[in-house]
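The structure appears below as structure tokens.
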Amino acid sequence: MKAIVITSPGGPEVLQLQEVEDPQIKDDEVLIKVHATALNRADTLQRKGGYPPPHGASPYPGLECSGIIESVGKNVSKWKIGDQVCALLSGGGYAEKVAAPEGQVLPIPPGISLKDATSFPEVACTVWSTIFMMSRLSKGETLLIHGGSSGIGTFAIQIAKYIGAKVFVTAGSEEKLTFCKSIGADVGINYKTEDFVARVKEETGGQGVDVILDCVGASYFQRNLDSLNFDGRLFIIGFQGGVTTEVDLRPILGKRLTVQGAGLRSRSPESKAVIISEVEKNVWPAIAEGKVKPVIYKTFPLSEAAEAHRLMESSQHIGKILLLP
């Protein structure tokens, strides 16, 4: 099969389409003929050599896909050859075929095309497992999403509105903020021209928000603590603003705050299967109702993966970037 190989750690140009061996499936895995895959920021980190695949995972990038099941391992009971599916992967999505554990595979949501379905597994599992399963965001609460126009951000806005939360987002341009509002965000904050702590306080009568979904890390840590309400929860899923900082810890005690963090890729297959099951139960109905829609910015052929990475790293995009083998 053909796959995108990271020929050496470096810039987008190191991504090369090459002929490689087909994946071998284990007894509890299915082989998917990939119809589409989607970029995640983790792919760019892996390309630079900073985010190696977990032990035993495919060396090729790609953390999600959609496609058609081509073969099934002997212990697989849920899926059969010919099923149209999408899947959460530990790697290997940038290829014509990929193996996935049966518990990380989802049906295509009703009303969604096979191509567009690849935009959901990674964002749905990330957002549902963090701000819902762990931070327990509930109806009537307020959520602040940093990077509201990202793939994760555009999904989080829609699912949080679906469950009845009030949504604040930060983004770096008026165009991005306008889009975020068009899909449900209540308050848009331009982080380049405004102080998000001051805006949050102003919009919440001085109280702060209940939950923050943060991909920035160190450079926002203090300001995130300062933006939270009593019993607030900060959930960190990325370090785009660094990993070390000095912090005044008093708000944690004074406001009974919780600081949490989690990655998705490094979780065990059992842990991912639990998340997948919760996503199918809680998120798929919202998609079927048309309340959560795919947000796709641009689609490239797999051979142009380097160009797709350049676009992601420019941060001009809104939503997901797809690759088609």
Practice item. Enumerate the calculated ³J(HN,Hα) couplings along region 193-199 in order (Karplus 6.51 cos²θ - 1.76 cosθ + 1.60, θ = phi - 60°), each rounded to whole Hz, writing x wherever the residue is Gly or Pro. Key: 10, 10, 8, 5, 4, 4, 5
Exercise for review: Would you kindly state how much longer the chain becomes between Asp22 and Glu270 on full extension, computed as 0.36 nm times their sequence separation minus their alpha carbon distance, in nm to one decimal?
Suggested key: 86.8 nm
Practice item. Measure nothing fancy, just the Cα-based angle from helix 305-314's long axis to the longest principal axis of the chain, in degrees from 0 to 90, nearest 10. Key: 0 degrees
**Study point:** Distance violations [Cα-Cα > 20 Å] among Lys281/Lys320; Lys97/Lys298; Lys26/Lys272; Lys78/Lys115
**Key:** Lys281/Lys320; Lys97/Lys298; Lys78/Lys115
Review point. Out of every Cα-Cα pair in the chain, what percent are more than 36 Å apart?
Key: 17 percent
Study note, to complete from the structure: Scoring region 173-325 by relative contact order with C-alpha pairs under 8 Å, at least six apart, yields a percentage of 14 percent
Review point. In nm, to one decimal, how far is the Thr193 label point from the Lys291 one, both placed 7 Å along Cα→Cβ?
Key: 3.4 nm
Check your understanding: Counting other Cβ atoms within 10 Å, which GluC sites (Glu not before Pro) in region 173-267 have at most 11 and lie in a DSSP loop?
Key -> Glu246
Check your understanding: Which angle from 0 to 90°, rounded to the nearest 10, does the C-alpha axis of helix 151-162 make with the longest principal axis of the chain?
Key -> 60 degrees
Point to revise | Cα-based helix-to-principal-axis angle, 218-227 vs the chain, degrees rounded to 10 | key: 50 degrees
Exercise for review: Nearest 5 is fine: what % of DSSP beta bridges in the chain come out antiparallel, could you say?
Suggested key: 50 percent
Practice item. For the chain, with all protein chains present and a 1.4 Å probe, just round the carbon and sulfur fraction of the accessible area to a whole percent. Key: 52 percent
Review point. Nearest 0.05, what FRET efficiency do Ile81 and Thr258 give at R0 = 45 Å with Cβ-Cβ as r?
Key: 0.50
Check your understanding: Between region 188-213 and region 270-292, how many Å separate their Cα centres?
Key -> 29 Å
Exercise for review: For Ser219 and Lys33, calculate 0.36 nm times their separation in residues minus their Cα-Cα distance, and state this gained length in nm to one decimal.
Suggested key: 62.8 nm
Point to revise | Candidates Ser271, Ser227, Ser314: whichever shows maximal mean-square fluctuation once the chain is modelled as a Gaussian network with Cα springs under 10 Å | key: Ser314
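The values are calculated or read from the model by the stated rules, or taken from the named source; none is laboratory data. Bear in mind the structure is a predicted one, so any value in this text is a computation, not a measurement. Glycine gets a Cβ as well: all are built from the backbone with ideal geometry, and neighbour counts include every protein chain shown. These accessible areas exclude ligands, DNA and RNA; they are computed on the full protein's heavy atoms, side chains included. Shrake-Rupley method; radii C 1.70, N 1.55, O 1.52, S 1.80 Å.
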